[in-house]
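Please see the structure below; I have some questions.
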Amino acid sequence: MSHPAKILLIGSDKTLLAEMENLLRSAALTVMTMLWSDALLPSARNGVARIQANLAIVDLRALADPLDAFRRLQLLLPETPCMALASPEQELLVETALAEGAVDCMLTTPKLQARLLKRVRLLLELENASLHALTSRRRGAVSFDNAPIGLFRCTSGGMLTVVNSTMARILGVSSRELLQETLLWDWFVDREEAGRWRDVFTAQWSLYSGECWMRRADNATLWARVSIEWVVEPESGFIYGEGLLEDITEQRRVQSALRASEEKLRLIFEHAFDGISIYEELPESGSRRLLECNDRYCEMAGRSREELLTIGNTSLVHRKIGRVFTRAENLFIRQHKIPYRGFFSWIRPDGKPNVIEYSAAPIDVEGRPLTIGIDRDITDQIQAQESAMRRADHMEAINAVIGAAAAAVDARALLEHAVQALVQGLIADGAVMWTRDEIAVAGIDEAEARRWMARFDRTQASAYLIEDASSPASSGQGERWLAAPIVHEGRLFGGLMARGADVDAWPEDALALASAVGKEVGAAVERFHLFEQTLQQGRIAAVGRLAAGVAHDFNNILAVILLQTQLLELEPTLSEKSRLRLHTIAERTQYAANLVRQILDFSLKSVLNKAPVNLSLLIDEVADLLRRTFPENIQIIVENASLQGFVHGDFTMLKQALLNLALNAQDAMPEGGTLSLRVERLEGTGDSRADHHGEWLRLTVRDDGVGIPADVLPHIFEPFFTTKEVGKGVGLGLAQVYGIVKQHGGEVSAVSQPGQGAAFFIDLPAFHPEPPIAPPTLPTGPSASVRLLYVEDESLLRETFCDLLELHGYEVWPAADGEEALARYGERLAEVDLMITDLAMPGMNGVELHRELRRRLPSLRTIVLSGYPAEHHLSHHAYEGIVAWLQKPVGVATLTAQIEEALKAKA
Ligand code: ADP
């Protein structure tokens, strides 16, 4: 080749072009470089055509429509062989270019530079002729006539002069000839459009293109892209148009369909119930940037779109719920475009927490890694679900408490179950439940629980919250507890307190639960108390029955010992030493008799001699006795002694009760102290006595001694219960008080604060005596020639008593039982002044005997002696003629006094 070969280089990237130019120049080639935009400019067209290059290298990359550019250039340089450069992605384009006349194509791989020169040389070395042949062979497929688009030439007036077959086919005309000589504008549907094209023609000579709605020969319409270039022939100045016409109906259809679907998508995007967002992932920084989001998304985030776009990486205002993906997982998801889902919560400026369920899909758009997210606010659902679950938990807790209340054997077991149920129900981190004697904790220790309990407010009737802003415990927020009383019908038994999740999040529900639990436990505790009381009373009654049974036989034995001793004491020949011994026997026997009496008193089986008793006089008398007998360091105080309060009772028995209480008080005050006796009228309101009708009087014995521990207090009235050392107490004192008070239809109770003394209350129904009480007349000694019928089945006792009574100057007719008395004395019984009879006897008992004899001797009077007065209705008030009812063992002095009184009343 003699001349250096000419290369025309066309591309769109100046730097790349420069690089290639240098490369080609280095191989001593002549290079003309042009930008596509310049090469296709109408004004440059002729220049380009004239270059007469040996080879055109056209870079088809980075062109909006590379095929279009290539075709235009082919038209411009029909003689010049063309080599196309394309990127590896443009494979399809390469094929088309080769099919449409390119002599060669190269892909712009990194090795391009090295290979380019070699290829160019090869092409240039081919014989000109063969190159031409190659070019035209290739181009044969795309000759003017067979070009895939319509090609035409027209006059400046729009008259078509040359058209190819493709154009005729597009416009539905059977041959090219028929189309020639027609006006281009006539094929336009829109007249106005046609006018514009005509105007453009007269106004300026340049390229004009547009999309036009055209009508085919068969009247069908089509959309066509038409471009016309007005060419001025340099020599003649003749103006003609060179044009392209392309059927774009299908393209338009697809486009408008796309546009419609885009519009639909936009509507969905804007009005979706869910939040939609598009993020660009920034792998280098590991962060992301919000590109677009809809209104709902902003709403959920609680921020405006502008704010969110400014924040960009909204991960900063999210809180992921659940597991966070690892880096490797993130990478995998992105690489394999795996959609994923999960939950998060916005950190909203308004502080309102929400729960968002999201699903995200990684996609790549134009090489950019994006993520499309669809978010749904499920806060309400979660709350509804949580609330349902919470209610279920609370119901379960209540059920557990009810179950525990039914199953528990005592208050302690109940509290322990209930506090556990409470903790589970409230998701509490700690709870305490207590009554007066018991405490149960869960999640906290007892010391902590006691600190909580110090804040308990006893005046609250139902559950309430305690807030402590000053507490340093939790991050400045302060502590919050829930507290509820354990109550039943207004009576407070204790309380419960808890702290935990539900208390903070759902205080209303938690309060309702706590109130319910408090009431449930309250009712159960009340049941336990009642049960305890019943049990206690049952125990007392059982012991009483047992004791009374023993006491009956015991009494007869003691009576014999006592009377025999007294008889022996009367022996004139007795030595002083023996007399003293006998005295000791008599004293001990008396003591034993006293114990039996206490047992009988307690078992409600003693005999009462009831009369109106003035309680003020009673406490005065007791106080006098105490002042005389108690040590000096115990001060005796009488309060309210002027009150005129009467009860119907046995003076001696009541005195005994008060003395027992006083003796205990003395024991409780070894270092001395104050003992007060008080009488008062009870007001009906606010006291347990309110349950009872009528007026009540209260005796109080109070000391400031050691007091009674809480665990001892419930047992003190039990017989044989004592805390005193052996020999000091037998535990019958309070049991006797209990029995005496019960027999008077009253109540006895005690309160005590250990270390601060104790108070005992005896409550008795008041009594209003009608006649003034006559002062008792004292017996003046045995009356002469008094005849006594003495009936007693115990022979030893009968004989002893007969001896004693005779010693006192009475004439005694003894009998073992009723039958014997009748058989033995018969009609002479009318001479009897008084009958003394034992109550319990085989066959006829004492009362029956009295009634039998009284039928014959209507004036008969009887004294009944009883060791075991089994029935209350056997009171002497019930039977006319029974003047006294004495309890065995009876001393001679008591009996003679009664005999004298009976005789006097008869007289
Ligand atoms: P005893 O006196 O024989 O022990 P009681 O039935 O009189 O029997 O009393 C029972 C128990 O009650 C006593 O052992 C004592 O522990 C307690 N107690 C009774 N009264 C008082 C009091 N005033 N102060 C302290 N403890 C008392």
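The values are calculated or read from the model by the stated rules, or taken from the named source; none is laboratory data. The model shown is predicted, which means the values in this text are computed figures rather than measured ones. Heads up, the Cβs are rebuilt from the backbone with ideal geometry, glycines too, and the neighbour counts pull from every protein chain shown. Accessible surface is based on the protein model in full, side chains and every heavy atom, while ligands, DNA and RNA are left aside. Shrake-Rupley method; radii C 1.70, N 1.55, O 1.52, S 1.80 Å.
Can you name the condition, by its number, that Ala28 falls short on among (1) of a type in the set (A, V, I, L, M, F, W, C); (2) modelled with pLDDT of 80 or more; (3) buried (at least 19 other Cβ atoms within 10 Å of the Cβ)?
For Ala28, the failing item is (3).
Still on this structure: What are the pairs, 6+ residues apart or on separate chains, where a residue within segment 705-724 that is outside any loop (DSSP other than H, G, I, E, B) has its Cβ under 6 Å from a residue that is near the ligand (Cβ under 8 Å from one of its atoms)?
Once the first residue is outside any loop (DSSP other than H, G, I, E, B) and sits in segment 705-724, its partners that are near the ligand (Cβ under 8 Å from one of its atoms) give His715/Phe721.
I want to confirm something. Restricting to segment 329-356 and keeping residues that are aromatic (Phe, Trp, Tyr) and either more than 28 Å from Ile382 (Cα to Cα) or open to solvent by 70 Å² or more (accessible area, probe 1.4 Å) (or both), which single residue is farthest from the chain's Cα centre (by Cα)? Spell out how you get there, then give the answer.
Residues of segment 329-356 that are aromatic (Phe, Trp, Tyr), as a first pass: 332, 340, 343-344, 346.
Narrowing further to those that are either more than 28 Å from Ile382 (Cα to Cα) or open to solvent by 70 Å² or more (accessible area, probe 1.4 Å) (or both): 332, 343.
Values: Phe332: 42, Phe343: 24 Å.
My answer is Phe332.
Can you go through Leu643, Leu626, Leu675 and tell me which one is at pLDDT 95 or above and farther than 21 Å from Gln743 by Cα?
Values: Leu643 fails: at pLDDT 95 or above; Leu626 fails: at pLDDT 95 or above.
Answer to the selection: Leu675.
If I go through segment 717-745 residue by residue, how many of them are at positive phi and either hydrophobic (A, V, I, L, M, F, W, C) or within 7 Å of the ligand (Cβ to nearest atom) (or both)?
In the first step, residues of segment 717-745 are kept if they are at positive phi; the result is 720, 727, 731, 745.
Right, trim to either hydrophobic (A, V, I, L, M, F, W, C) or within 7 Å of the ligand (Cβ to nearest atom) (or both) and you get 720, 731.
Total satisfying the criteria: 2.
Can you tell me which residue within segment 268-286, out of those that are in a strand (DSSP E or B) and open to solvent by 30 Å² or more (accessible area, probe 1.4 Å), is farthest from Val355 (Cα to Cα)? Full working, then the answer.
Quick first cut of segment 268-286, residues in a strand (DSSP E or B) only: 275-282.
From what is left, the residues that are open to solvent by 30 Å² or more (accessible area, probe 1.4 Å) are 278, 281-282.
On the way: Ile278: 20, Glu281: 23, Leu282: 26 Å.
Among them, the one singled out is Leu282.
Within segment 700-715, restricting attention to residues that are within 43 Å of the chain's Cα centre (by Cα) and among the hydrophobic types (A, V, I, L, M, F, W, C), which residue is farthest from the ligand (Cβ to nearest atom)?
Ala710
If a residue must be open to solvent by 30 Å² or more (accessible area, probe 1.4 Å) and within 16 Å of the ligand (Cβ to nearest atom), how many such residues does segment 656-682 contain?
Residues in segment 656-682 being open to solvent by 30 Å² or more (accessible area, probe 1.4 Å) and within 16 Å of the ligand (Cβ to nearest atom): 10 in total.
A further question follows. Can you pull out every residue in segment 397-410 that is surrounded by fewer than 17 Cβ atoms within 10 Å (Cβ to Cβ) and within 19 Å of Ala463 (Cα to Cα)?
We begin by selecting, within segment 397-410, every residue surrounded by fewer than 17 Cβ atoms within 10 Å (Cβ to Cβ); these are 399, 403, 406-407, 409-410.
If the condition is that a residue be surrounded by fewer than 17 Cβ atoms within 10 Å (Cβ to Cβ) and within 19 Å of Ala463 (Cα to Cα), then Asn399 is the only one that fits.
Could you tell me which numbered condition Met844 fails, if it satisfies all but one of (1) in a helix (DSSP H, G or I); (2) open to solvent by 10 Å² or more (accessible area, probe 1.4 Å)?
The single condition Met844 does not satisfy is (1).
Are there any pairs with C-beta distances below 8 angstrom linking a residue in segment 665-677 that is in a helix (DSSP H, G or I) to a residue that is among the hydrophobic types (A, V, I, L, M, F, W, C) and within 11 Å of the ligand (Cβ to nearest atom), with the two at least 6 apart or on different chains, and if so which?
Ala665/Leu675; Ala665/Val701; Ala665/Ala758; Gln666/Leu675; Ala668/Val706; Ala668/Ala758
Might you let me know whether segment 575-583 holds any residue that is over 27 Å from Lys888 (Cβ atoms) and touching a helix residue (DSSP H, G or I) at 6+ places or on another chain (Cβ under 8 Å)? So that I can check it myself, show each step before the final result.
Residues of segment 575-583 that are over 27 Å from Lys888 (Cβ atoms), as a first pass: 575-577.
Okay, now just the ones that are also touching a helix residue (DSSP H, G or I) at 6+ places or on another chain (Cβ under 8 Å), so none.
Scanning segment 575-583, I find no residue that is over 27 Å from Lys888 (Cβ atoms) and touching a helix residue (DSSP H, G or I) at 6+ places or on another chain (Cβ under 8 Å), so the answer is no.
Name the residue, out of Val638, Val647, that is buried (at least 22 other Cβ atoms within 10 Å of the Cβ) and in a strand (DSSP E or B). Steps first, answer last, please.
Details: Val638 fails: buried (at least 22 other Cβ atoms within 10 Å of the Cβ).
Being buried (at least 22 other Cβ atoms within 10 Å of the Cβ) and in a strand (DSSP E or B) holds for just one of Val638, Val647, which is Val647.
Take Glu299 and decide whether it is under 22 Å from Asp68 (Cβ atoms) and open to solvent by 30 Å² or more (accessible area, probe 1.4 Å).
Spelling it out, it is not the case that Glu299 is under 22 Å from Asp68 (Cβ atoms) and open to solvent by 30 Å² or more (accessible area, probe 1.4 Å).
With the structure loaded, tell me whether Val748 is at pLDDT below 90 and either on the phi < 0 side of the Ramachandran plot or near the ligand (Cβ under 9 Å from one of its atoms) (or both) or whether it fails that test. Steps first, answer last, please.
Details: at pLDDT below 90: no; either on the phi < 0 side of the Ramachandran plot or near the ligand (Cβ under 9 Å from one of its atoms) (or both): yes.
Considered against the rule, which asks whether it is at pLDDT below 90 and either on the phi < 0 side of the Ramachandran plot or near the ligand (Cβ under 9 Å from one of its atoms) (or both), Val748 comes out as no.
Now for a separate question. So, restricting to strands (runs of 3 or more DSSP E) that lie completely within segment 162-265, which ones have at least 2 residues that are touching a residue at least 60 places away in the same chain (Cβ under 8 Å), touching an Asp or Glu at 6+ places or on another chain (Cβ under 8 Å) and under 22 Å from Leu40 (Cα atoms)? Break it down into steps so the answer makes sense when it comes.
Numbers: elements: 207-215, 221-232, 239-247.
So the answer is 221-232, 239-247.
When the residues of segment 751-761 are filtered to those that are of a type in the set (A, V, I, L, M) and more than 8 Å from the ligand (Cβ to nearest atom), which remaining residue is modelled with the highest pLDDT?
At the first step, the residues of segment 751-761 found to be of a type in the set (A, V, I, L, M) are 751, 758-759.
Applying the additional criterion that residues be more than 8 Å from the ligand (Cβ to nearest atom) yields 751, 759.
Numbers: Val751: 92, Ala759: 95.
Applying the filter and picking the extreme gives Ala759.
So, one more: Of the conditions (1) β-branched (Val, Ile, Thr); (2) buried (at least 18 other Cβ atoms within 10 Å of the Cβ); (3) modelled with pLDDT of 80 or more, Thr584 clears all except one; give me its number.
Just one mismatch for Thr584, condition (2).
Here's a follow-up. With the condition kept exactly as written, say whether any residue in segment 411-433 is buried (at least 18 other Cβ atoms within 10 Å of the Cβ), in a strand (DSSP E or B), out of contact with any Lys or Arg (no Cβ under 8 Å at 6 or more places or on another chain) and at pLDDT 85 or above.
Among the residues of segment 411-433, at least one is buried (at least 18 other Cβ atoms within 10 Å of the Cβ), in a strand (DSSP E or B), out of contact with any Lys or Arg (no Cβ under 8 Å at 6 or more places or on another chain) and at pLDDT 85 or above, which makes the answer yes.
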